[in-house]
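J.: Pasting in a structure now, in structure tokens, and then I'll have a few things to ask.
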Amino acid sequence: MSDQTKKLYPESLMMSYGYKPELSEGAIKCPIFQTSTFTFKSAEEGKAFFEVAYGLREKKPNEELGLIYSRLNNPDLEILENRLTLWDGAEDCAVFESGMSAITTLLLEFLRPGDYVVYSAPVYGGTDHFINHVLPRYGINHIGFRAGTGNQEIRQRIEEAGALGKVALIYTETPANPTNALVDIAAMRQLADELGSEDKPVYVAVDNTYMGPLWSHPLQHGADFVLYSATKYIGGHSDVIAGACLGSKELIGRVKGLRTFIGNMAGPWTGWLLMRSLETLKARMELQAANATKVARFLAGHYKVAQVYYLGLLEPGHPQYDIYKRQYSSPGAMLSFEVKGGEAEAFRFLNSLKLIKLAVSLGSTESLAEHPKTMTHADVAEEDKQAIGITDNLVRLSVGVEHADDLIWDIGQALEQV
């Protein structure tokens, strides 16, 4: 294969894809376009830009469209969106000022009063709250199922709820936060096709935040949408809040349309920070996964640890092993474990950490630890917490890029205080 035709890897394209230095005084990195408004060369050009921006006509072949207003488009935002599509092989991407903005905009665009969203549990606490407490205000219903539940049982629940013909979206977060439980994306696609019709399709959305754009690509397994809290691995430095939604040109066009009028698009500073982070995403995530594997093995052998939830510890014969091997290229860098005891013992462990920071969020360069039951998932109903394994003694770890020996030392000394 010649140099002219070689298809470059995403990590090679993260430094330059979609950016033309000659349009920015030769700057090797994309500048921050801190402007609200862009000028037109002529009235005719402005008319053409607006016709396409508001869907009055399709873009003509080879037509170069310019910029109008940063609520609609901005160079930092557009280049970032183009680069993000490379990892997941998506046709288009919409970036938001937070992960919840991406999630809520998707749900509001594809759900109508009377519709049902079928969702896996556990999901991120903010998502759980929006589905259970906000969407019902607009007449949108929900049916939950535990990760690992078969399609036949899910369908039975839908029938019992009288929701056949009313399901519009299947929403899943896999691996689940914080238990690492897995959902079979291909099975969700099959269920969606069975429940939907040509006139009323059922879409599948997957929150892939736990795996980032490197270790799993849900669109390849039949999902219509892949969602990220870009704050996490994509941002990776605990200094920016952002979200992303990827999928086909047609469906993301609808997401962007609602985004325009809600006004929750990412700004130029957010776009610039995320482009910086994308350049090191693969290097960071690979080191984090290597560290997490060492930490998980240490925890699995510790006498004060009752149970460890980490994909890298799954073995052949485990009910979720086949899904893990089919959907993921790495066990990732997120794990949770049960300290022997209850809340008091879990808190003693967390309060005794010296290197690892006691904080929520995940996917950053620094390692973080938190108590899901009283922190990230505090708003989840008590009976649901117990059913999905969010217990008093459960601790969640997001493993960073520190030296693995130092992380293991810190965890070990903290466990000795329990």
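J.: Using θ = phi - 60° and the Karplus curve 6.51 cos²θ - 1.76 cosθ + 1.60, what whole-Hz ³J(HN,Hα) does each residue of segment 172-181 get, with Gly and Pro shown as x?
T.: 9, 10, 9, x, 6, 9, x, 8, 6, 5
J.: Relative contact order of segment 1-78, please, whole-number percent, based on alpha carbon pairs below 8 angstrom and at least 6 residues apart. Intermediate results must be reported in sequence, preceding the final value.
T.: On the way: 41 pairs, mean separation 22.4, N = 78.
Relative CO of segment 1-78 lands at 29 percent.
J.: Right, here's the next one. Between L23 and E44, what FRET efficiency follows from the Cβ-Cβ distance if R0 is 22 Å, with the result rounded to 0.05?
T.: It comes out at approximately 0.55.
J.: With a cut-off of at most 12 other beta carbons within 10 Å, and DSSP calling the residue loop, which chymotrypsin sites (Phe, Trp or Tyr not before Pro) in segment 293-398 qualify? Please list them.
T.: On the way: sites: F298, Y303, Y309, Y310, Y321, Y324, Y328, F337, F347, F349; in loops: Y303, Y310, Y328.
Answer in residue order: Y303.
J.: While we're here: Taking a threshold of 29 Å on the Cα-Cα distance, which of the pairs K59/K200; K29/K357; K256/K385 fall above it? Please list the in-between numbers first.
T.: Numbers: K59/K200 27 Å; K29/K357 32 Å; K256/K385 34 Å.
Going by Cα-Cα distance, K29/K357; K256/K385 fall outside the 29 Å limit.
J.: Express in whole angstrom the spacing between the alpha-carbon centres of segment 11-69 and segment 307-375.
T.: Their Cα centres are 43 Å away from one another.
J.: On to the next question. Which value, in debye to the nearest 20, gives the size of the charge dipole of the chain about its Cα centre, when Lys and Arg are +1 and Asp and Glu are -1 at the Cβ? Present the calculation step by step, with values, prior to reporting the outcome.
T.: On the way: 39 positive and 52 negative charges, 50 e Å.
Charge dipole of the chain: 240 debye, to the nearest 20.
J.: Would you please name the chymotrypsin sites (Phe, Trp or Tyr not before Pro) within segment 1-73 that are DSSP coil residues with at most 12 other C-beta atoms within 10 Å of their C-beta? List each step's numbers first, then the result.
T.: Numbers: sites: Y17, Y19, F33, F38, F40, F49, F50, Y54, Y69; in loops: Y17, Y19, F33, F38, F40, Y54.
Those that pass, being in a loop and sparsely packed, are Y54.
J.: If you don't mind, another one. Which of the peptides 274-286, 401-413 is most tightly packed, and how do the rest follow, going by the mean number of other Cβ atoms within 10 Å of each residue? Please list the in-between numbers first.
T.: Working: 274-286: 19.5, 401-413: 16.3.
Answer by packing, highest mean first, reads 274-286, 401-413.
J.: Name the residues whose placed amide hydrogens come within less than 5 Å of the amide hydrogen of A181, ignoring near sequence neighbours (fewer than 5 apart) on the same chain.
T.: Counting only residues 5 or more places away or on other chains, the set is A176.
J.: Out of residues 5 or more away from I143 or on other chains, whose amide H comes under 5 Å of its own, with H placed 1.01 Å from N in the peptide plane?
T.: V117, V118, Y119
J.: What does the charge count around P178 come to, taking other residues whose C-beta lies under 10 Å from its C-beta (Lys +1, Arg +1, Asp -1, Glu -1)? Don't jump to the answer; show the numbers that get you there.
T.: Working: positive: K373, R396; negative: E370.
With Lys, Arg at +1 and Asp, Glu at -1, the net is +1.
J.: Please list 3J(HN,Hα) in residue order for segment 366-379, calculated via the Karplus relation 6.51 cos²θ - 1.76 cosθ + 1.60 where θ = phi - 60°; whole Hz, with x for glycine and proline.
T.: 8, 6, 10, 10, 7, 10, x, 4, 9, 10, 4, 10, 4, 8
J.: Which values, in whole Å and largest first, are the semi-axes of the equivalent ellipsoid of the chain obtained as the square root of 5 times each eigenvalue of the Cα gyration tensor? The partial results should precede the final answer.
T.: Details: eigenvalues 271, 154, 71 Å².
Largest first, the chain gives 37, 28, 19 Å.
J.: Select from segment 12-91 those GluC sites (Glu not before Pro) which occupy a DSSP coil region and have at most 14 other Cβ atoms within 10 Å, ordered by residue number.
T.: Details: sites: E22, E25, E44, E45, E51, E58, E63, E64, E78, E81, E91; in loops: E25, E58, E63, E64, E91.
Those that pass, being in a loop and sparsely packed, are E25, E58, E63, E64.
J.: Are there DSSP H segments in the chain that both extend 27 Å or more along their axis (alpha-carbon positions) and score a mean Kyte-Doolittle hydropathy of at least 0.0? List them, or say none. Can you show the working numbers first?
T.: Values: long enough: 281-300 (28 Å, 0.15).
Qualifying helices: 281-300.
J.: Quick one: P(r) of segment 256-394 from all Cα-Cα pairs, 5 Å bins, percents rounded to integers, in order of increasing distance.
T.: The percentages, shortest bin first, are 2, 8, 13, 17, 18, 16, 12, 9, 5, 2, 0.
J.: I need the fraction of alpha carbon pairs in segment 1-110 separated by more than 25 Å, rounded to a whole percent. The partial results should precede the final answer.
T.: Details: 2055 of 5995 pairs.
Roughly 34 percent, once rounded to a whole number.
J.: Averaging sequence separations of C-alpha pairs under 8 Å and six or more residues apart, then dividing by the length of segment 75-278, give the relative contact order as a whole percent. Could you put the intermediate results ahead of the total?
T.: Numbers: 390 pairs, mean separation 60.9, N = 204.
It comes to 30 percent, rounded to a whole number.
J.: Please give, to one decimal in nm, the separation of the simple spin-label points placed at K340 and S36, each 7 Å out from Cα toward the Cβ.
T.: About 6.3 nm, to one decimal.
J.: Another one. Quote to one decimal, in nm, the extra length available between Y9 and E416 on full extension: 0.36 nm per residue of separation minus the C-alpha distance between them. The partial results should precede the final answer.
T.: On the way: separation 407, 0.36 × 407 = 146.52 nm, distance 4.48 nm.
Gain on extension, Y9 to E416, equals 142.0 nm.
J.: Still on this model: Output the relative contact order of the chain, whole-number percent, from Cα pairs under 8 angstrom with separation of 6+ residues.
T.: Working: 754 pairs, mean separation 67.4, N = 418.
Relative contact order for the chain comes out at 16 percent.
J.: Using only helices, what value at 222 nm comes out for the chain when you add -39,500 (n - 2.57) per DSSP H run of length 4 or more and divide by the total residues, to the nearest 500 deg cm²/dmol? Please list the in-between numbers first.
T.: Working: 15 runs with 153 residues, N = 418.
Using -39500 (n - 2.57) per qualifying helix, the result is -11000 deg cm²/dmol.
J.: If I take R0 = 22 Å and measure r between the Cβ atoms of E194 and Y324 in this structure, what FRET efficiency does the formula 1/(1 + (r/R0)^6) give, to the nearest 0.05? Walk me through the numbers on the way to the answer.
T.: On the way: r = 25 Å, r/R0 = 1.12.
My answer for the efficiency is 0.35.
J.: Local charge sum around D92 (other residues, Cβ-Cβ under 9 Å, Lys/Arg +1, Asp/Glu -1)?
T.: Numbers: positive: K249, K256; negative: E81, E91, E250.
The answer is -1.
J.: Under the Karplus relation 6.51 cos²θ - 1.76 cosθ + 1.60, θ = phi - 60°, what is the ordered set of whole-Hz ³J(HN,Hα) values for segment 324-329, x standing for Gly and Pro?
T.: Coupling constants for segment 324-329: 4, 5, 7, 9, 10, 9 Hz.
J.: Taking amide H positions as placed in the peptide plane 1.01 Å from N, state which residues far from S367 in sequence (5 or more) or on other chains have amide H under 5 Å from it.
T.: Residues meeting the amide H criterion: K357, G400, V401, E402.
Every number in this text was worked out from the coordinates using simple rules, so none of it is lab data. Here the structure is a predicted model, which means the values were calculated and not measured. Here the Cβ is made from the backbone with ideal geometry for all residues, glycine too, and neighbour counts use every protein chain on show.
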